[in-house]
Structure formats: structure tokens, C-alpha cells
1. Does the stretch 382-410 hold any residues that are part of a helix (DSSP H, G or I) and small (Gly, Ala, Ser), and which are they?
2. Residue by residue through the stretch 522-553, note down the ones that are among the charged types (D, E, K, R) and free of Cβ contacts under 8 Å to residues at least 12 places away in the same chain.
3. Within the stretch 411-434, work out how many residues are over 15 Å from residue 383 (Cα atoms) and either among the basic types (Lys, Arg) or outside any helix (DSSP H, G or I) (or both).
4. So which of 163, 184 is within 30 Å of residue 144 (Cα to Cα) and either modelled with pLDDT under 75 or surrounded by fewer than 20 Cβ atoms within 10 Å (Cβ to Cβ) (or both)?
5. Those residues that are among the acidic types (Asp, Glu) and under 15 Å from the mean Cα position of the chain (by Cα), I need them from the stretch 239-294; list them, please.
6. Kindly indicate which of 391, 337 is touching a strand residue (DSSP E or B) at 6+ places or on another chain (Cβ under 6 Å) and among the β-branched types (Val, Ile, Thr).
7. Would you point out the residue of the stretch 367-396, among those that are under 13 Å from residue 325 (Cβ atoms) and of a type in the set (A, V, I, L, M), that is farthest from the chain's Cα centre (by Cα)?
8. Among the residues of the stretch 205-229, how many are of a type in the set (A, V, I, L, M, F, W, C) and either surrounded by 19 or more Cβ atoms within 10 Å (Cβ to Cβ) or touching a Pro at 6+ places or on another chain (Cβ under 8 Å) (or both)?
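The values are calculated or read from the model by the stated rules, or taken from the named source; none is laboratory data. Small disclaimer: the values here were computed from a predicted structure and weren't measured. Backbone-built Cβ (ideal geometry, glycine too); neighbour counts: all protein chains shown.
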Amino acid sequence: MESAVYKTISNENINNRQSQYYLQPLAASNGIEERALGDEFMEILNHEKIKTVFQPIISLRNGDILGYEALSRGPQKSFFENPEKLFDYARAMGRLWELEFLCRLKALENVSRSSMTDLIFINVDPHIIKDENFRKGFTKDFLRRYNISPENIVFEITEKSAAVNIESFNKLINNYKDQGYKIAIDDAGSGYSGLKLITDIHPHFIKLDINLIRNIDTDGLKYALIKTFFEFCMVTDIKLIAEGIETENELNTLIDIGIDYGQGYFIQKPSEKIADINNDLKIHISLKNAKKKELYVNRPTTVFVGDICRRNITVGSRSTGLSVLETFNSNPALHGIPVVDDGILVGLVMKEKFYSRLGTQYGYALYVNRPVSILMDNRPLCVDFETTIDIVSKMAVARNEECLYDYIIVTRDNSYYGIVTVKDLLEKTTELEVNYARHLNPLSGLPGNMLIEQKLSYLIRDTSPYTVLYFDIDNFKVYNDIYGFEKGDRVLQFLAVKLVDILSSECSCSHFIGHIGGDDFIAIIKSHTADDICKTILDSFDRGITGFYSESDLERGVLIAGNRHGKVEEFGLMTLSIAGISNKERSFNDIYQLSEYSSRIKRKCKEKKCSSFHIE
């Protein structure tokens, strides 16, 4: 049965064949086929033969669902089952408004029948959103019938259809934002006006076109482009959504870059049911992020802003200007006050701006007895607890000059947590970079002995499972003497890269890699199982090390050089020994005991004349 609301709206447009959306009708091979298509299309409109399917959009940090995109489909096995054909025909017949309204109506009806409280992403043509009928269809009263709030709706505007008058379009978008709706730019990267559209309307989300995501794990140019886009969005506080994720490698690459959200067939195909995603996928995403964080420690790229933020005096939005003035006067070191209602941040009052407003001719009389909500900045820079301080620093300095030194608000689980100043960020960033760089091995770039000792000391006190792997290149000194230090250094860098790549891709638990010095390396794996990892490392080393020898030396299989006593001797080609120790059967009192025990195991490995490992 036709919806009364749909009937009211569509009747206003029933004869609007020559409207601003009119395009030439789609070509048909003959008049009969054209009439048949027209009849089928009107049958869909008049009897609401539209099916809504939902595809989840999830966090690429923990797998939680952000929301669902509502997608429309025509009747099965018909010409119009494909939505592109359906909407193209609607444009050609001047019925785009009626079709879009029907699709939105069906989506809202389906959502209202579920208990979903996540965001709903709805596709909207830029031309349609300006229509007066669209505004009638998205009033708060209209949404209240479906028990849906504007805060839960995201309008997806495709960049393929550029807005005609960007100035008026921008005002319209801001009006929707003020009502609580969120805006997403869809198919970013598929058109030519996207960057201008993004800078003009400053959306909440940008959805990266599927063509940019496809094979991003193997396409270096796409990787570099998306990484730059990501850094831009972090600075401007826009969230990126990667569309069309279809493989595990694409997902892993997007996680490595740091993309916020994703959707695609690999995550979940569109479905009529609003369902959660597979738990194994959530575990995979969490483990991938954990490995990313554990690769290096104590850097601006790994330290959370929540770890350096501090508590601050807050006031409610109903507090008067006088009470805020008294708070500032009684706390001279206080430069700003977050405005918080029931644990939720609503704004920020900075002392200098507050005083300047009160210092005008009628400012004191005008504001002293009125609520602070009329004086506060209701859009301060606000970041989550688990945002790393390097990203927060970029976001802070990207603000307008008048806001450059305003407090940065930290939230946790969407509730107010504390504040950070620009000074805090600069000091902590400098401290971390200097300390970390001081203890890196200059050749491999991996943590050196100081960081290794700190990690091992912490590990011994920990009761969770771990395995420590010591790596030693056999016959390295002979190679270094014959081929020279420069080539010897390349061998060490080769092993360092192999360790990082293999542990990052193959190890399913958190890990740490360090360079003790010379040809000695160390890895810590938070597991009692490391045999498969060792086999992979040895195999990769043996295949790669041959590239460092001349053809004649490879053919001979040995190097001829003088030994420690000056006698000429034959030495084998370089191999790799891995000595492993775990806390499965024993514990250690200190790192020296652990190191002494590992030396015994290393000697067992070196007794063999090939690459080998032994885990005690």
C-alpha cells in the first residue's frame, strides 16, 4: 500500500517532467520496449517495489560498528534491479526526487523496525538536497515518527555530481549540520571537484572511492596518495572511510596507514538484516593494531595523548559569566575552562577571549549574568584518549591563528577526560624523540641496548607468556673482512628489514625487535610458540643472503681467508643461528641470568654448519 507521506510529496512532482533534474530519456531499441520500461518503472514507484539492504561501516582500530549504509535495490530479475540503471532512468524521466524519497522512506522504515542506534548513511544527490520537498522529508517531526534523531543520520553526497552554486550549497549544508545531521563526501577520488567540495563544506566523513582502495597493498602510488589524504584528514579532524575493501591484504594495509573506518565485501556484504560483523574479523583487526603499536615503544607515534593530559576545572553551560570570571580570578594559572554537562563536553572558554568580550563598552553588563554558553567556543579541538600525540600536534597547529593556543580537549568513551596544551605537546614530543633517537642503533634504526635492557627488565617481571630470540650471523666477520664494511653493513640492514617485515606480517601476537650491536639482534614475542616464525626467518635469510656474494664464491661455496692465527683457511657462507628462551618451564631473576642462559643455547646452534634454531 502506498505511503501517505510518499503520496503527499510525490503528487507535488507528478507533472514535473521538465524539472531541473530532467535528462533525455534512455535510448530504447523501439517504442514498445521504451513503453514497457516506463510501465515497469512506474510500477516500482506506485507500489513501492524497492528493497533496502544495509552494509556495515566499522572501525579499523577495534572492529566496532560505526553505522550502516542504506542501499536500495529494484525488483529481483528485472531491468531495474541494478540501482545504477534505476536511478539513471529516474533522472531521464524527471522522477529522481520521487525515487530518492521512496528509497529513503524504505530505509527509515526498516531502521525503525530494528533496535539499531548506530549511524545511518543515506545517499543524496547534491541537486536533490536543495529541493524544498527534501527539507519537508527530513524535519525533526518527520523523523520522530520513526524514532530516529538527526544526529544518527549521515547524508552521503557524491563528488561525481558537483553542486551548481557552491556558496548557496555551503549555506544549506551548514544549516543541516546545525540541526545535528552529519555530512559525508562519497566516492572521493572518482571525480575532479572533490578537493574543492571538501574544503568548502568541511564534511564529517570522506569516503574513499573503491578504485583508490583496490590493490592498495601492491600499488605504491595509491598507498602514498591515501597516506597523504589520511594525514590531511587527521589535521582537519575529518574521518576517512575506505569503501570497497575486498581482501585481507587491503584491510591490513589500510590499518597500517591508520584509516579510521572501512566497509566492503571482505567485512560484510549488503544484507536486508542489520547484523553484527564476524567476531574473528574483529579479533584480527585488534591484533593487527596491537602489532602495529608494539613494533616500537615510547615515541610520539605510539604514546597516547590521554597519557599526558591533565584534569582541569570545568563549569556547566548554565554557569553565569560572573561565576566564570570569579573562577579565572581565583585561579591565575588557569587559561581555559571546559564547559561540561553531565560528563559530556559542550564547549570551551579561554581566558583571553573571555576577558576581551567582557572588556568591551557594554560587555560586562551584557554577559555577567547570562549563561556562559553564549560566550564559549562550541567547537573546540576535541580528540579521543587513544589518539597519538604526533597526530594531535598536527591537528593543533592546523587550527586558525586565533585558536592556536587554545586547550585541546581529551575525551574517553565519548565523555570528557581532561585537557592538553600546545606546550605540553611540544615538550613531550621533543622529550620522546630525543630519548628514543639517543638509544637507536644508527645502522639499523632499531632500538639499541638501553631500550632492549628496559624491555627485558619489564619482561622478566611480567608473568604473561614470552619467548626471547637471539639472532647471530655465522661467518659474518670473514665476509666483512673480504667484501668490506660497506657491504657488511648492508647485510646487517638486510637482516633488520627481514626481522621487521616477517614479525609484522607473520606474528599474531605483540613483539619487539632490537639490535644489540654488530651481527647480534634480539626479538621478543609474547607467546610460548615461535617455531614457525623461526623457520620463516631462516628460509628468508638463506634465500636472500646469496645476493651478497659474487658468482664465483657462490659456486665454490666457501670463502678463503686467514684465521686468527694467520693461517689460510676455508670458511663457509653466512648462515643464521637463532637461540630461543621462553618462560614456559622456567623463570629468570634478572636479564644477566637470561643472557647467560641464551649463550649456552647459541653455542648449540653454532655447532651446526647451516642456518638453524633451538628454543629451550
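1. Taking the stretch 382-410 first, the residues part of a helix (DSSP H, G or I) are 389-397, 401-403.
Matches in the stretch 382-410: 393, 396.
2. Pass one, the stretch 522-553, residues among the charged types (D, E, K, R): 526, 531-532, 535, 539, 542-543, 551, 553.
Within the stretch 522-553, 539, 543, 551 qualify.
3. 2
4. Working: 184 fails: either modelled with pLDDT under 75 or surrounded by fewer than 20 Cβ atoms within 10 Å (Cβ to Cβ) (or both).
Sole residue among the options that is within 30 Å of residue 144 (Cα to Cα) and either modelled with pLDDT under 75 or surrounded by fewer than 20 Cβ atoms within 10 Å (Cβ to Cβ) (or both): 163.
5. First pass over the stretch 239-294, keeping only residues among the acidic types (Asp, Glu): 243, 246, 248, 250, 256, 260, 272, 276, 280, 294.
Residues satisfying the conditions are 243, 250, 256, 260.
6. Values: 391 fails: touching a strand residue (DSSP E or B) at 6+ places or on another chain (Cβ under 6 Å).
Exactly one residue qualifies, and that residue is 337.
7. Filtering the stretch 367-396 for residues that are under 13 Å from residue 325 (Cβ atoms) and of a type in the set (A, V, I, L, M), the one farthest from the chain's Cα centre (by Cα) comes out as 368.
8. First, pick out the residues of the stretch 205-229 that are of a type in the set (A, V, I, L, M, F, W, C): 205-206, 208, 210, 212-213, 216, 221, 224-226, 229.
Filter once more, keeping what is either surrounded by 19 or more Cβ atoms within 10 Å (Cβ to Cβ) or touching a Pro at 6+ places or on another chain (Cβ under 8 Å) (or both): 205-206, 208, 212-213, 216, 226, 229.
Residues meeting the conditions: 8.
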